[in-house]
Amino acid sequence: MNALPQNKDMQDKYYIGYYDGERLIAVMDLIMDFPDETTAFIGFFMTDVSIQNTGIGSGIIEDLCVCLAKIGISKVRLGWVKDNPQAEHF
Ligand SMILES: CC(C)(COP(=O)(O)OP(=O)(O)OC[C@H]1O[C@@H](n2cnc3c(N)ncnc32)[C@H](O)[C@@H]1OP(=O)(O)O)[C@@H](O)C(=O)NCCC(=O)NCCS
């Protein structure tokens with residue numbers, strides 16, 4: 001929860017929980033302006049197994065991209081665990 005790329009500090013980082021009512025359904029680690037000023041970096045994104053493959057993950061990312069575009073972020077980079085085909089496909 002505290003991991004950061006080099007030359008970034010906690011002001012650049014958002015560790016976000018997405019809720020359906022009281023229930024946590026997704027978690028995202030977002031680093032702003034990395035590796036450059038027009039890119040946001042998602043170091044970690046996971047949806048709860050009970051709602052996976054229902055379009056919610058795609059919806060969260062689409063909403064995020066719309067919001068980021070409004071503040072001048074034109075690219076989003078996603079990190080995933082190598083050899084995880086589900087994550088790579090996503
Ligand atoms: C990868 C993940 C974030 C996608 O979120 P999601 O809410 O399931 O995403 P969606 O339902 O919007 O599906 C997105 C795509 O992933 C595919 N997908 C989701 N779950 C899948 C599964 N279990 N097996 C195969 N494909 C799957 C969907 O078919 C869809 O593909 P499409 O766009 O070609 O139709 C989520 O499944 C997850 O957290 N997985 C486990 C953790 C993980 O691997 N995290 C690393 C991601 S960087």
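The values are calculated or read from the model by the stated rules, or taken from the named source; none is laboratory data. A quick note: this is a predicted structure, and the numbers were derived from the prediction, not measured. Glycine gets a Cβ as well: all are built from the backbone with ideal geometry, and neighbour counts include every protein chain shown. Keep in mind that these areas ignore ligands, DNA and RNA; they rest on the heavy atoms of the full protein, side chains included. Shrake-Rupley method; radii C 1.70, N 1.55, O 1.52, S 1.80 Å.
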### Task
Among residues belonging to region 9-61 that are assigned to a loop (DSSP other than H, G, I, E, B) and open to solvent by 80 Å² or more (accessible area, probe 1.4 Å), point out the one that is nearest to Gly72 (Cα to Cα).
Glu37
### Summary
Within region 59-90, the residues that are within 6 Å of the ligand (Cβ to nearest atom) and within 11 Å of the chain's Cα centre (by Cα) are Leu78, Trp80
### Message
The conditions are (1) within 11 Å of the ligand (Cβ to nearest atom); (2) aliphatic (A, V, I, L, M); (3) open to solvent by 60 Å² or more (accessible area, probe 1.4 Å), and Ala3 fails exactly one of them. Which is it?
### Response
(1)
### Query
How about region 62-73: which of its residues are open to solvent by 60 Å² or more (accessible area, probe 1.4 Å) and either of a type in the set (Gly, Ala, Ser) or not in a helix (DSSP H, G or I) (or both)?
Ala69, Ile71
### Query
Which ones in region 74-90 are surrounded by 12 or more Cβ atoms within 10 Å (Cβ to Cβ) and aliphatic (A, V, I, L, M)?
Val76, Leu78, Ala87
